Structure formats: structure tokens, C-alpha cells
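See structure below.
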Amino acid sequence: MTRIQAAHSRRQFLARWAGGFGASALGSLFAGQQKPHFPAKAKSVIFLFMEGGPSQVDLFDPKPALVKWNDQPLPDSLRGNARFAFIQPNAKVWASERTFRRQGASGIEVSDWLPHLAAKSDLITLVRSVVSDQVNHVPGQLMLQCGSPLAGRPSMGAWALYGLGTESQDLPGFVVLFSGGRAPQASGGIYTNGFLPSAYQGTPFRSSGDPVLHLSNAPGFDRAAQRQRIDLIRDLNEQHRLRTGDAEIASRVASYELAFRMQAEAPALLDLSKETAATRASYGLDSPDTRQFGSNCLLARRMVERGVRFILLSHASWDDHADLEKNHARNCLMTDQPAAALLEDLRQRGLLDSTLVVWGGEFGRTPMVQHENPTRPETRGRDHHPYAFSMWLAGGGIARGRVHGKTDDFGFGVAEDKVHVHDVQATILHCLGLDHEKLTFRFQGRDFRLTDVEGSVVKQILA
Amino acid sequence: MMRCAAVVFVFTAAFAQDAQSILAKRCQPCHGAMQQQSGLRLDGRAAAVQGGYRGAAINPNNSRDSLLIRFVTQGVDGKKMPPAGPALSSAEVTTLAAWIDGGAPWKDMAVNESRAKRKHWAFEPLRRPALPGVRNQAWVRTPVDRFVLAKLEAEGIAPSPEADGQTLARRLHFDLIGLPPEPPRDVDELLRSPHFGERWALPWLDLAHYGDSDGHEQDHTRPFAWRYRDWVIRALNANMPFDRFTIEQLAGDLLPDATLDQRAAAGFLRCTLTSREGGIDLGLVRDEQVVDRVSTTGTVWLGLSLGCARCHDHKFDPVSQKDFYRLYAIFNRSREVNPDAPLDGEVEAHRASLPQYERRLLELVGPRVDEWLPLFEKRMREAREDASKHPVWRIVYETYRVWIDDADHILSLPPRKRTSKQRHQLVRFLVKSRPPVLWDELGIKDDPLRGVLAKLEQLDDSFPGISELPSMAEDPNPPRTHVLIRGDYKSPGIEVDPGLPASFTTARASNRLDLARWIVSSENPLPARVAVNRVWQELFGHGLVATSEDFGTRAEPPSHPELLDWLASEFVESGWNTKRLVRTIVDSTTYRQSSRVRSDLAMRDPENRLLARQNRLRLRSELLRDNALAVSGLLNRAVGGPSIRPPLPASMMQLAFRSRWKASTGADLYRRGLYIHLQRTMMFPQLTTFDTPDRLASCSRRSQSTNPLQALTLLNDPVFHEAAQALAARVDREAPGGLDRRIDLAFRLCLNRTPTTAERERLTRYHRDRSRDAGDEQANIGLASALLNLDEFITRE
């Protein structure tokens, strides 16, 4: 056994049999701190998950050629046997009405819907050639976040936590935040621990009320009374540990201490009043349009500072089969400024080099139109499109100001440097210092991994 | 031409030997006697012509049309052969092509045509081992003890003393009925208790991956899923023989004169997920369901990861991809049905109110619905036949199929042959979809059904319906089954017939009943071994085979192989008597040992595989809740019935995609955890925090984690707070007088023992401090709550 394998089997042993088979007291608690396979560039990941599928031809992938084809079907040769959720393959082209501009030294073209990101485009690598295998939301979301369209596999955040543990003493290592009006269609599927131990599951933080479920004391208990109660529990547990000799009881005692600290720390984390007015304004906390996503972005930075390993922000939804012009403009308004502010804030604080930021949805949208009502052109929309879409990555381990991959003239298929979502996953793990082929867990007789049996690191986008 | 061919033949005859040597060197390692990747053998002419899952590998006399040549030149689906080592040189390709064009003559050599099944303990026939001799005869209560003690004596390890009576009573109660020993009962009573079935349904429902919702997208509720859960509880309580238990779940509907109860058993196969996402590919959904049925059957009864063979031949176990799709073909012959299965009193109420319902329905949708329906149906039928003719109608039709169970069947029936229920389903879909294209074609200007849906749903809710139960039936026109290349249902390979794994049996099977009967036949040693191991796992925390889901060649061997086989033989010979098996184990000295951790074994046997003691096991999430409700006197012990929904924190609601969580009221709030509604995409947090699996796939072993969210739940969750309040009040009521008496009673209720002096002192000190700050009542609550938080309280020792 190599050292890494030995560490892994010990970890599996601890994780699976955390309850009473001789695991050391703290070994299983959030899995402690573990070692990467090789030196990591990123310590934390912030995944800005744009649920529903943002339209790449309207945001990141300018296609002037489409104007010529407007209102005509795509050439047969291109369509092949592509399948869509609703429209037929002979649906008509709808050229984007956006204008694209180059801004910054790197000259990345970004749509006028994203002025703030355009101004920070020198910080990101834009990948225009992402593909997925899934044409529907739930399988697509599971594919992106869990590496398989089948429900029940662990999510990326759970894998990261399994591989590395957390560095936070007071907070869960994998936190999920929501914005936009609803939860993602795959719901808990995108932050599940799957078959990994439940300590690795994402903890949803709520923006109102208790940020973590049952964080507030029960009625009648203030902080001092809670301490008193936990002290009593600790002392009785401690006596029982001596009687039974079971080290797992020490682990339970420790979990109460962590819970107690979390009760103080999580509300402190949510208290954004300590941030300067300038910071708050930069994230758009002053405007009702940007406040929700802005708060989540700012919280993400504060969690990174506190050692949280993986932060998933889900913004739902970009699923505009109809009324795309109106709804996409609104989503861009809500998310553009905060996402750009997050990049700049991380950079200014020296955290961007150790934090990987990823932006993307489960697929993109068709260059063709989906017409619900031909008499009202303003209601036009686009269908799901997993055959070529855009994502961007920035920070820990990723090159700055680069464009990777190319689509064909119609933005329909990939022309150069195809990047499958498994490759994105392999690259994210790589930035964290994890080899996606070695990060495995034995379940139902098989060694599973995030990237299933595929995926390779996209070396061209690494710094 | 003739002349040409003849010349080529002479020419290629010389190549035959070379071609065979290329095949031997570069192809046969994966496509030969030892392995047949993709079902292909290239070590004989007939086998090569027959080909693998993609069809014929060579087409004699036509190299250009031979898969083999395409694979070694440009590749197929991005896959080029051979996958390892250098590509074939152009000279080698020419050799192969010339050989094929010359008719592919084969120089005979002896080949072993059958695929040898490797010798592996789990696949060996079941033989009842002799009982081993032991020195310490006094230790032996049941034959189980001989096997365990013989091994301990051989290792020179002394077993642990028996656990004290109170601990043992608590252990037996939690293990057999999942409730604390209040009042205490003996083993016979526990085995007869109606709560036995509830307790033992828990691991079985994990295996079946039972849930109360679709699992995908909107995650619709399945209002009648509980009928299967109730069947499991009843079957376990009745001690249904395990072979019967197996057959009814896999094929209850196919038994002669199947009763509704037997059809409910087949609800096992309905625990698969469904998607009702608009635009979803129904072929994909069905493929996933059938794959799930095969894989789950493999895990549950065979202890084999059959799912591994979905995309390729199993890498370690003797299951080929073809075997997988032969099993797939068995399940592919069935369709999902939801027969009416009225509960007591439903039929009368339904019949009485039917005329009134029809009248109100007509008022709602208007009399013109009869003019709309024929066109509506006709267009959907047309769109079904030809997807491209009416693209918009195709969307309507596909949505119909996604939303309505048994959709195609209803659409195909002539209107007068439909039941009123089927007709209502069509009307309901019309009201729900009300496609603009219909009104256009009918020349109706304004959508006449706008706003009707809400009223219709209201009407449906207020109308006494007939309960259904989810089951299966054979499809009169089953689809053909093909090997799916790399598991992709859009890449069909060769067609296969229903059948059993070839290396395990030569028996034939054409439907689920054949399969189920083969599974529990005397020919198959796996199910008995797998089943007794799971019972052992429940009673000790880990199985004799640690990987209870995997008995394949990569599994760790059993810690006590003879004991496993003795239990399995005994189980079969007893007529698959589950309660008797449980009894044999819990009566043993091995089971009754203390669970105290022994420092002398920390290095030698850290995982306690040798069983020189019992194990401390944290209670399952459901039982942990039951326990708190039971000791506080709140628990509602009713058995069976529809799922209940305890209140969900408001902040949880925003997390689900579209949730309709209507909290239960009254006594339902205090039902056992087993009955909590399992909304798969938004599992009840109290359960998942304590490791309830997500029920998306079969789970044979729960993980057991310790984390701070558990502490927050036990400290602050309103249910546990309410239990603490109730416990404090109960203690106050039942033990009036001094604090000492209250502490004694609370301790007895929660831990089934009296406190030590140190514990009493510590509790007294807490009570004194707390009542000084907040008064006596708060101090009582705090004390009760602390007991409900103790590691000892949530652990079966």
C-alpha cells in the first residue's frame, strides 16, 4: 500500500465505522484535516451554480454568423441527431440581440448584459466549449454537481470534504446558499453526501431565520443555560466513556462543543454590519435587485476566510423557454455585479490565489428559438442545449484572462477543445490538490469517483 | 470476378495463419477464452462471425463491411482497438482484411467454449458444517456459540462476560421491536409483538429504497406508496417464510389468482424513481427504472453488484453484460399498474357520491368538453404515431405521457371502454394542459378552461376516492430488449431473450416469477447466505461478511465462514423461518456478551470481527426519535397506515423545488419515525442528520456518523424539546416528592438503570444551579433534556 492508499483506507474506515469500532475520538468528526494528493493551489471552492441553463450565445459566445441565418433552420449537417427537450431539430435560428465588447487587456468578448464581469474579465478563464450528456434539468444538474445523471451519487462538495476535510473549527465544511426565488430542481441532490458518510453532506444556510437548522436554543435556554446543559451532558458522557471504554463517546462530546461554537459563530458570520460600507456597496447590498445574490457572495467570501472548504451558491432559475430577453436581463442584473465584486474582493484580500471560483449551469441554451406564441416575438425563448455551452473559472490554480475552446459558427457544437463536465470536475479537484482518479470510495462492491470512469484535467486552463 | 476471387482466396490462404496469430496476440486477451469483453470472442471462426453485443465482428468475404476492420482502423464511436499498445500496423490490417475477403478460413484448434466460473466461497453449494468442539462447554447456549467460541479459543482470547440484565433487556427491546423496555417483555413476547414488523421493516425498506415521492424534478407525492410498506410490516409480523417473501415481492402479481395483498408486495418494484419533468426522455426514465430493478434485485438477494455489468462485463464477478440484459429483459416485460384497492368503507362512499361528482365536474368544465375531447385525443394519437407531423401536438402528447400514469393505454382504449376514472384522467389532463393549439383548431377565441384547474383540484380533494396500490403487471406487447452498448439506451446492440446469469445456472426463465423461483431454489446458495448475514448485521452492527451488499469475488471473506453456512443451512431447513433465525442468534451467549470495549483487544481486533464482545450501536434515526417520544409518554404506537408529516421548519420549505408539505395534526404527530413521509428530494432533516439514506438507491448498510448537527437536533429541535418537557412533567407526576426520586425515575425511564453516586451528584448540582436561575420547572426540563442527549440514551449497548 502506498502512503496515500493507506491514508485513504484509514479514512474510509474512520468514516464508515465512526460509531464504535475503535475510531479515534476526533478522527471522524467532519473528517478532521487530511492531506491532498499533491500540493494544492486552491484551498476553497466557490461554485456559482446558475440553475436552469444560461444562454451562452447571449452571454459569452458571440456568433455574428447567426444573423445571416436568422429565422431559418440550421443546416442539416450540423444538427445531426441532436435531441432537445421541447423543440424539433428544425427549429429556426434566433440570432442574439446582444452586443459583445472586448474589455480589459485580455480582450475577452462578453455580452452587454454582463458589464461588471466584462470589467473583470482579465481575472477569469472563459471556457466556451463545455459539453454535457444530459438534456433535462435534474439529470443535467446531477451530472454537473455529482458526475452522474443517476441520483444517489455524492456531490462535488462532499467529495472535496471527503478528500480534504475542513479547516473550519466552527462551521460546517460544505455550505449551500440559495437565491433567485426557488431551490434548484434537483434539490438536495446537488449537495448530498450520497453514499459517503453524512458528515460530508452540504449544510444549507438560510438567509433568514436560523442560518442552520436548530441553531437557536430551545425556548427557556439562553447561552449561559445552554452552556450549563452541555456541561452536564459532557460530564455524564465522560463518566460513561470511562465505564464503556468507547472512544466514540469522546467524539460525541466534541460534537457538542463544535455545535456550541457554531451557535455563536454562524450568526456572527451572517452579521454583515461589520463589513465596510464600500464593501457592502460593491456587492450591491444597497439595491434590492442585487441584495440577495450579493449577500450570498459576500457570505461566501466570509466563509472562505473562516476555512470553509466548499461553498455552493445556487441561483434559480435561468430556464427561459419563453420571455428570455426579459428574464435573462433580470438574472444578469441580479448576479453580474455581485459575482464581479466577489472576484475583486477576493483579489484585493489576497484570497483569489487560494480560492477557486466557478460559474456555470447544467447546460446552455439553443441558438434556435423556442416559440410559445408566434404572434408575440417578445416572448421568445430558447431550449436546453448541452452540446456546447460556456462556463468560467477564476482564482486558485486557474490562468487569468484566457479563453479556452471554440464553438462552430452557429454556437451549436464544439469546434475546438471540447471540455466535458467530467473534465471540469477533474480540473476542480486538481486545483484542490486531488487526483480525480485516486479519490475513490468503495460502495456496493465498486470503487466510485466523482468523474465516474471519464474526465481529464484541462491543463490548458491552469495557471 | 470469379477469377479474381479465386486468386484472392489462394492468396489469403497463406494469410490465415498470420491473421490468427494477430488475433491471438492483440485481440484474444480481451476477446478470448478467459474474457469476452462486449460478449465477443475472436478465437474461433463461428464465434467471430456470430460476434458480440454489437453484432457480427467479421463478415466473411467482405472486409469493408466487417466491424473488426472498422474497429482497428478508424474506430467506432470514438473507440479504437486494441485499446492498449500500438495500433495495428497497416501490414497487419491488410493481413486481416485479406483473410476476411478470402472467406476467413480458420485453422482449427481446441478451444474451451464455456466460461469458467472461478471458485469462490459465496458461490459454493450450501453444506451444513459440523459443529466444532469447544473446551468451555458451559459457555454454549446455542450452536452459534460453538463457532464463535472455537475461534476465540484458537486465538487464545476469552469472551466477555454477559451484559447486566438491564442492558440486555434494553438491547433485546431495541433489536426486536425498536422500543425501550417499558414495560419489559420476554423474547417470546417481543417476537410476537406487532412492533417486531415495524423494527425489521426498517433495514428492508432501506434495501428496497422505499420512498413516498417520485424522486425527480417536482418530486410528486406517491399517495399510495405506503401500501407496500404496510405489506412489509405485515409479512414480517406474520413471519412469512423468506422464500415466499421473496417471490411475492418480485412477482406477487404473477402468482395464480394473485390477491390484492400479493399485488401490493410487488410494490417492491415500484420503489424506483420517476421523472415528470416536461420534455424528459421517457425512454431514459424507463431504462433507469429497469436497470434499478435488476441492480436492486442483485444487491438484495444475490449480494452481487449486477449494476457493474450494465456497461461492460463485470470486471470481477462471473456476470457478463449479456447476462445483465437477459435479466433486464425479464423486467422489461412488465409495466407499472395502479389497481384500485379500496380501504374499508371507501367503495360505498365513492359510489354514493359519483353522480354528484359527475354533475359538478360537468358544471366546471362545461358540456362542450365532449366536443373538445375527440379532437384532443385524435391529435395526441397522431403525434404519437409521427413525431414530426405536429411538433406542437407532440409536446402535448409527451407531456401527457409524463403526467398521466398508464397514459398510452388510456389513449388507445375506445371511449366507451374506459372506466370513469380513466375518462376523468383525460379530462383532468385537458384542464391542466389546455393547449392553445387546440383552441386554434377548434376556432375558439378565448381559452374556456382558464382558471378551472384549481377548482377541479378542489373538487377532487373533497370527493371520496378509491385508494390504489402501486404494483406491476406483464405487458401484453413488451418492447424488445437489446444489449445496450456501454449502457447507453440509445445504442442498442444485439437482441437478447429473457434469461438467468449463464455461469450460475442453466435453468430457463422467461418472467419475474421464474426469476424469483430460481433465486430461492436449492440450486442457488446466495440468498440464504446473504439474508442470514443481514440479520446478523442488525444484531451485531456488522455482518459476518462485512460488505453485506457484496458477496462477490472482491468481497472480504467472512469472519466465520462455517457459522455463516450453518446459519444459512439452518435457515433454509427451517422453511426460511426468519423469527426462528433471530431467536437462535439472540439466545446465544455470543449475543448476550457485554459491549464494553476491551483495551486488550484494541490492537488485535479493533473492529471486533472475532466477537469477543457485543458492539455499542447508535440507534437508527427512526428509533432514536421513537425512543424520546416513548420515554416521555408521547409516542403513538399505532401500526400501519398512510405516511405522516411532522411539522417542518419554515426555513426548510424554501429548499425544495416545489414542496407541498402539509403538516399532520393531533396524534399523528407522535407516530413512529418509520411512518414519516419520505419526500426524496427533501428528506425529513431529523432523519438524514442521523444517517437515514436518501432512498434513491438500495442501501444495505447505513453509515453511522457523529456530527454537530446531531447535537443541535437533540438540544434544540422542537420535537426533542417537547419530549423533554413531557418527560419532566411525567416524572414530576409519577414521582412526586424529592429530587432524588425524580432523578431515579427519569434515569430508569431513559436508561433502564439507577444512577451512580457521581451521576446523582452531578445532576443534583445542575438542578440546584438551574432552579436558582430559572426556577424548578425549567430545571426539570433541563435535566430531562440532558438525559435525552446522552450518548447512552441514543445507543443500544
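The values are calculated or read from the model by the stated rules, or taken from the named source; none is laboratory data. These numbers come from a predicted model, not from an experiment. Cβ sites come from the backbone with ideal geometry, for glycine too, and all protein chains shown count toward neighbours.
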For this session: State whether one or more residues within the stretch B:364-382 are small (Gly, Ala, Ser) and either within 14 Å of chain A (Cβ to nearest Cβ) or not in a helix (DSSP H, G or I) (or both).
Result: yes
Exercise. Is it the case that the stretch B:591-605 has a residue that's more than 14 Å from chain A (Cβ to nearest Cβ) and either assigned to a helix (DSSP H, G or I) or on the phi > 0 side of the Ramachandran plot (or both)?
Worked result: yes
Problem set entry | Entirely in the stretch A:95-169, the helices (runs of 4 or more DSSP H) that have 1 or more residues that are surrounded by 22 or more Cβ atoms within 10 Å (Cβ to Cβ) and without any contact (Cβ under 8 Å) to a residue 60 or more places away in the chain | A:137-146, A:156-164
Exercise. Among the residues of the stretch B:728-762, which ones are crowded, with 18+ Cβ neighbours inside 10 Å, within 11 Å of another protein chain (Cβ to nearest Cβ) and more than 45 Å from the chain's Cα centre (by Cα)?
Worked result: B:Arg762
Exercise. Considering only residues of the stretch B:320-347 that are in a loop (DSSP other than H, G, I, E, B) and over 21 Å from the mean Cα position of the chain (by Cα), which is nearest to B:Gly267 (Cα to Cα)?
Worked result: B:Pro339
Problem set entry | Subset of the stretch B:778-797 that is within 9 Å of another protein chain (Cβ to nearest Cβ) and more than 17 Å from B:Arg171 (Cα to Cα) - its residue that is surrounded by the most Cβ atoms within 10 Å (Cβ to Cβ) | B:Ala786
Exercise. Given the structure, is A:Gly401 modelled with pLDDT under 95 and within 24 Å of the chain's Cα centre (by Cα)?
Worked result: no
Exercise. Among the residues of the stretch B:359-374, how many are surrounded by fewer than 13 Cβ atoms within 10 Å (Cβ to Cβ) and within 42 Å of the chain's Cα centre (by Cα)?
Worked result: 1
Seminar exercise, completed: Requiring at least 3 residues that are of a type in the set (A, V, I, L, M, F, W, C), out of contact with any His (no Cβ under 8 Å at 6 or more places or on another chain) and surrounded by 20 or more Cβ atoms within 10 Å (Cβ to Cβ), the helices (runs of 4 or more DSSP H) wholly within the stretch B:221-289 are B:226-237, B:242-251
Exercise. Of the residues that sit in the stretch A:170-199 and are assigned to a loop (DSSP other than H, G, I, E, B) and of a type in the set (A, V, I, L, M, F, W, C), which one is farthest from the other protein chains (Cβ to nearest Cβ)?
Worked result: A:Leu171
For this session: Being in contact with a strand residue (DSSP E or B) (Cβ under 7 Å, 6 or more places away or on another chain) and touching a residue at least 12 places away in the same chain (Cβ under 8 Å) narrows it down to one of A:Val253, A:Val212, so name that one.
Result: A:Val212
Exercise. Out of all the residues in the stretch B:553-569, is one or more within 23 Å of the chain's Cα centre (by Cα), closer than 30 Å to B:Asp164 by Cα and not aliphatic (A, V, I, L, M)?
Worked result: no
For this session: With the condition kept exactly as written, say whether any residue in the stretch B:763-771 is crowded, with 21+ Cβ neighbours inside 10 Å, over 20 Å from B:Leu674 (Cβ atoms) and aromatic (Phe, Trp, Tyr).
Result: yes
Exercise. Has the stretch B:335-347 got any residue that is within 14 Å of chain A (Cβ to nearest Cβ) and touching a Pro at 6+ places or on another chain (Cβ under 9 Å)?
Worked result: no
Problem set entry | Output for the stretch B:142-163, where each listed residue is among the charged types (D, E, K, R), over 20 Å from B:Ala568 (Cβ atoms) and in contact (Cβ under 8 Å) with a residue 60 or more places away in the chain | B:Glu155, B:Glu162
Exercise. Got a number for residues in the stretch B:256-290 being touching an Asp or Glu at 6+ places or on another chain (Cβ under 7 Å) and more than 14 Å from every other protein chain (Cβ to nearest Cβ)?
Worked result: 5
Exercise. Can you tell me which residue in the stretch B:535-572 is farthest from B:Ser588 (Cα to Cα), limited to those that are within 14 Å of another protein chain (Cβ to nearest Cβ) and in a helix (DSSP H, G or I)?
Worked result: B:Gln537
Problem set entry | Count of the stretch A:244-297 residues which are out of contact with any Leu (no Cβ under 6 Å at 6 or more places or on another chain) and not in a helix (DSSP H, G or I) | 12
Seminar exercise, completed: Filter the stretch A:374-421 for residues that are within 14 Å of chain B (Cβ to nearest Cβ), part of a strand (DSSP E or B) and not aliphatic (A, V, I, L, M); the one that is surrounded by the fewest Cβ atoms within 10 Å (Cβ to Cβ) is A:His420
Seminar exercise, completed: Among the residues of the stretch A:16-59, the number that are under 28 Å from A:Ser314 (Cα atoms) and at pLDDT below 50 is 5
Problem set entry | Qualifying positions in the stretch A:397-449 - of a type in the set (Asp, Glu), in contact with a Lys or Arg (Cβ under 9 Å, 6 or more places away or on another chain) and closer than 30 Å to B:Ser703 by Cα | A:Glu437
Exercise. Taking the stretch B:480-509 on its own, how many of its residues are more than 23 Å from the chain's Cα centre (by Cα) and farther than 21 Å from B:His312 by Cβ?
Worked result: 5
Exercise. Looking at B:Leu449, B:Leu469, B:Leu515, which is the one that is over 21 Å from B:Arg335 (Cα atoms), aliphatic (A, V, I, L, M) and crowded, with 18+ Cβ neighbours inside 10 Å?
Worked result: B:Leu449
Problem set entry | Among the candidates B:Phe245, B:Phe331, residue that is aromatic (Phe, Trp, Tyr), within 25 Å of B:Ala407 (Cα to Cα) and at pLDDT 95 or above | B:Phe331
Seminar exercise, completed: Scanning the stretch B:250-271 residue by residue, the ones that are without any contact (Cβ under 8 Å) to a residue 60 or more places away in the chain and under 22 Å from B:Pro223 (Cα atoms) total 4
Exercise. Restricting attention to the stretch A:254-266, and to residues there that are surrounded by fewer than 23 Cβ atoms within 10 Å (Cβ to Cβ) and touching an Asp or Glu at 6+ places or on another chain (Cβ under 9 Å), which single residue is nearest to the other protein chains (Cβ to nearest Cβ)?
Worked result: A:Arg261
For this session: State the number of residues belonging to the stretch A:227-247 that are more than 7 Å from chain B (Cβ to nearest Cβ), of a type outside the set (A, V, I, L, M, F, W, C) and more than 15 Å from B:Glu761 (Cα to Cα).
Result: 3
